[in-house]
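Since the structure comes first, as structure tokens, the remarks are kept for the end.
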Amino acid sequence: MPESTPPSTSAHDRSDALFAMLLAEPFSVREPAERTAPFVFASPHSGRLYPSSFVSRSRLNPLNLRRSEDAFVDELFASALDIGAPLIAARFPRAFLDVNRASAEIDAAMFDGPLDVAVDAVSPRVSAGLGVIPRIVRDGAEIYREKLSAREAEERLAMFYRPYHAALDRLIDDTRGKFGVAVLIDCHSMPSAAAAPDIILGDRYGLSSAPLIMRATEHAFEAQGFHVARNAPYAGGFTTQLHGRPARGIHALQIELNRGLYLDEEQIERGPGFDEVAARIAAALKELARVGHKLERPSGIAHAAE
């Protein structure tokens with residue numbers, strides 16, 4: 001957790017209890033009783049605390065603001081702890097801040113003055129309205145009624161984005177230090193659609209993880225009855241690109257789960273298949289854990305116990 005935070009912007013009333021909760025704990029890190037597998041699980045888009053000071057400035061009602069949310073993915077992958085791996089999950093909503101973006105992917109036109117942060121003006125995600133501070137939710141609806149304060153870009157990055165990534169960095173470094181390798185599994189969900197697979201695994205077409213990890217993950221989920229595809233249309237986002245460095249002993253794989261399997265997508269509530277899907281994921285992760293110990297450490301990287 002961050003040791004200190006800058007003052008909140010005037011747009012967020014200090015009496016806003018949910019915003020105060022997010023300032024105090026912007027993300028959760030759940031640790032197993034003992035780390036026994038070289039995996040780190042992350043759920044960057046399952047945050048479901050929507051501060052009133054955010055909702056009141058939106059054109060959208062609270063339900064429609066949740067259209068971008070990977071609802072309950074942190075719960076579905078909570079079995080990571082059972083295989084001896086930690087799970088980090090954002091508590092703030094994706095519509096408020098998207099940590100699966102580069103910090104410079106900001107739409108300067110959303111703000112009422114010049115920004116004191118780096119801006120990647122040519123990012124296609126920014127152009128689409130899906131930057132680190134999103135302009136729209138996933139169905140294309142505009143989020144805000146009016147421009148945001150220029151101060152708020154830096155404040156959101158300082159209070160939420162950087163602490164999340166610092167914590168994720170520590171988890172990965174600790175895992176690699178203990179096992180000689182680390183495998184980041186970045187967990188997401190995708191809207192259901194006709195002919196969509198149950199799961200899409202993304203390793204940036206082989207750049208972010210060893211082939212063994214892709215094959216083993218694919219096999220583990222297929223063994224539980226999931227229809228699995230690779231890389232299209234989700235090959236891996238910013239987090240996968242940032243951390244996936246197989247030559248350094250850090251592998252990253254993105255998992256996209258079809259929401260139709262577990263979610264009432266209209267009401268954004270757990271669907272009748274939720275418990276079954278969670279159990280199948282748990283069984284798949286148990287099988288995947290066996291592969292982690294077969295990963296080779298790059299030369300020059302020693303095991304912590306050696």
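The table that follows gives values for the structure above.
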{"item": "Amide H within-cut-off set for residue 39, under 5 Å, with H built and near neighbours excluded", "result": "183"}
{"item": "Sequence of 147, 294 from largest to smallest accessible area, 1.4 Å probe", "result": "294, 147"}
{"item": "Phi-based couplings in Hz for region 67-83 (Karplus 6.51, -1.76, 1.60; Gly and Pro marked x)", "result": "4, 8, 6, 7, 4, 6, 5, 4, 6, 5, 9, 5, 5, 3, 5, 5, 9"}
{"item": "Most to least accessible of 29, 99 (protein chains only, probe 1.4 Å)", "result": "29, 99"}
{"item": "Residues residue 219 and residue 264, FRET efficiency given R0 of 22 Å [Cβ-Cβ distance, rounded to 0.05]", "result": "0.15"}
{"item": "Difference of contour (0.36 nm per residue) and Cα-Cα distance, residue 75 to residue 127", "result": "15.5 nm"}
{"item": "Degrees between helix 211-222 axis and first principal axis of the chain (Cα, 0 to 90, nearest 10)", "result": "80 degrees"}
{"item": "Residue 82 accessible area, 1.4 Å probe, all protein chains in place, Å² to nearest 10", "result": "130 Å²"}
{"item": "Helix 274-292 axis, angle to the chain major axis (alpha carbon atoms, nearest 10°)", "result": "50 degrees"}
{"item": "Length gained when the stretch residue 194-residue 138 is fully extended (0.36 nm per residue, less Cα-Cα span)", "result": "18.4 nm"}
{"item": "Solvent accessible area, Å² - residue 34, 1.4 Å probe, full protein context", "result": "120 Å²"}
{"item": "Two-site label geometry, residue 15 and residue 207: point separation in nm, points 7 Å out along Cα→Cβ", "result": "5.0 nm"}
{"item": "In Å², nearest 10: area of residue 70 left accessible to a 1.4 Å probe", "result": "0 Å²"}
{"item": "Beta bridges per DSSP with both ends in the chain, % antiparallel, nearest 5", "result": "40 percent"}
{"item": "Residue 241-residue 30 pseudo-label distance in nm [points 7 Å out on the Cα-to-Cβ vector]", "result": "3.0 nm"}
{"item": "Electrostatic dipole magnitude of the chain [Cβ: Lys, Arg +1; Asp, Glu -1; Cα centre; debye, to 20]", "result": "440 debye"}
{"item": "Low-density loop cleavage sites - chymotrypsin sites (Phe, Trp or Tyr not before Pro) in region 193-236, where at most 16 other Cβ are within 10 Å (DSSP)", "result": "205"}
{"item": "Accessible-area ranking of 75, 256, largest first, probe 1.4 Å", "result": "75, 256"}
{"item": "Cβ-based net charge around residue 232, under 15 Å, with every Lys or Arg adding one and every Asp or Glu removing one", "result": "-2"}
{"item": "Percent RCO, i.e. relative contact order, over the chain, from Cα pairs under 8 Å lying at least 6 residues apart", "result": "21 percent"}
{"item": "Degrees between helix 162-179 axis and first principal axis of the chain (Cα, 0 to 90, nearest 10)", "result": "10 degrees"}
{"item": "Gain on full stretching of the segment that runs from residue 297 to residue 117 - 0.36 nm per residue minus C-alpha separation", "result": "61.0 nm"}
{"item": "Rounded FRET efficiency, nearest 0.05, which uses the C-beta distance separating residue 149 from residue 61 and R0 of 25 Å", "result": "0.60"}
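The values are calculated or read from the model by the stated rules, or taken from the named source; none is laboratory data. Since the model is a prediction, treat every value here as computed from it, not as a measurement. Glycine also receives a Cβ, built like all others from the backbone with ideal geometry; neighbour counts cover every protein chain displayed. Each accessible area value is taken on the protein alone, full model and side chains, heavy atoms only, with ligands, DNA and RNA left out. Shrake-Rupley method; radii C 1.70, N 1.55, O 1.52, S 1.80 Å.
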